[in-house]
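Please treat every number below as a calculation from the coordinates, not as lab data. What you see is a predicted model; the values in this text were computed from it and never measured. Counting neighbours? That spans all protein chains shown, and the Cβs are built from the backbone with ideal geometry, glycine included.
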Amino acid sequence: REWATRWPLPSHLHCLSTGIFGGVEVKPHSKPYMASLQSRKHHVCGGVLIREDFVLTSAHCLEYRPLEAVLGAHNISRHESSQQRIGVSRYNKHPLFLHPAETQYDMMLLRVGQLFRPIAFLDSGKIATGQQCAMAGWGMRRPGGLAETVLMQVQVQVEDKKKCKGKWKRHFNTNQMLCSESRGGKGFCQGDSGGPLVCHSVLRGVAAYTSPECTNSDYPQVYMDVSFFLPWIKNVMDNVNP
């Protein structure tokens with residue numbers, strides 16, 4: 001791929017053994033909407049429960065199917081009594097997502113069956129540049145460290161879309177993507193794809209891609225903009241078969 005030699009690769013094209021950089025451990029079980037998507041009992045992607053029977057994640061995670069959603073987890077290396085491991089009964093990738101190497105329309109809804117409480121709000125409103133948000137996932141505390149098995153969280157700041165377009169060029173779509181600053185060694189990395197960007201208790205983004213170094217300050221971190229995909233999300237959930 002010619003562009004791969006000119007621009008940093010999307011995070012999902014690299015190894016999946018890393019995660020949150022520069023974060024802190026969250027209070028156990030304080031984020032019941034968090035899902036660890038696993039293939040053969042190994043964490044490969046993050047996800048967020050948006051209804052009692054649907055997990056929202058990245059479409060490129062489809063290449064690791066069959067997937068299981070682990071809900072109610074804090075330490076995914078342990079068999080916690082709160083955990084539920086649930087098979088995915090249906091994979092609903094966005095119809096315009098055509099290939100794992102593409103960055104456009106990278107969204108997928110997974111049909112599951114469980115009883116956990118989903119995230120409080122989905123919102124069609126636009127997010128402001130400079131807003132402080134939180135990104136959660138299972139992974140590293142620092143670059144070069146060992147992958148963590150407990151749920152971590154990092155605070156990030158929303159970046160101006162024009163700046164992100166200038167850096168990522170054709171890989172960044174200003175209509176369907178958001179981005180955050182990559183400063184101070186904080187952000188998400190491989191293995192956090194599909195994880196939620198939450199701003200004031202509202203789900204705003206789904207982690208999509210970043211630079212190979214994960215916290216390269218020259219390249220903002222990119223998320224799919226949930227508000228752009230709301231019509232598709234609602235259509236899928238409203239037309240699900242019992």
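When you count the other C-beta atoms within 10 angstrom of each residue and take the mean per peptide, 20-26, 105-111 line up highest first as 105-111, 20-26. Taking Cβ atoms as reference points and 15 Å as the exclusive limit, the residues near residue 39 contribute a net charge of +2, counting Lys and Arg as +1 and Asp and Glu as -1.
Each Lys and Arg Cβ is given +1 and each Asp and Glu Cβ -1; about its Cα centre, the stretch 121-227 then shows a dipole of about 320 debye. Of the peptides 150-158, 43-51, the ranking by mean beta-carbon count within 10 Å, highest at the top, reads 43-51, 150-158. Note down the net charge around residue 124, summing +1 for each Lys or Arg and -1 for each Asp or Glu among other residues with Cβ under 15 Å from its Cβ. With Lys, Arg at +1 and Asp, Glu at -1, the net is +1. Taking every C-alpha pair closer than 8 Å and separated by at least 6 residues, the mean separation divided by the residue count of the stretch 121-227 gives a relative contact order of 30 percent. Projected over every direction and averaged, the convex hull enclosing the alpha-carbon atoms of the stretch 121-227 yields 6.2 nm². If R0 is 25 Å, the Cβ-Cβ spacing of residue 163 and residue 96 corresponds to a FRET efficiency of close to 0.50. Within the shell of other residues whose beta carbon sits under 15 angstrom from the beta carbon of residue 162, the net charge comes to +3, with Lys and Arg scored +1 and Asp and Glu -1.
Would you mind ranking 42, 60, 171 by Cβ crowding within 10 Å, fewest neighbours first?
On the way: 42 12, 60 26, 171 20.
Going from least to most buried by this count: 42, 171, 60.
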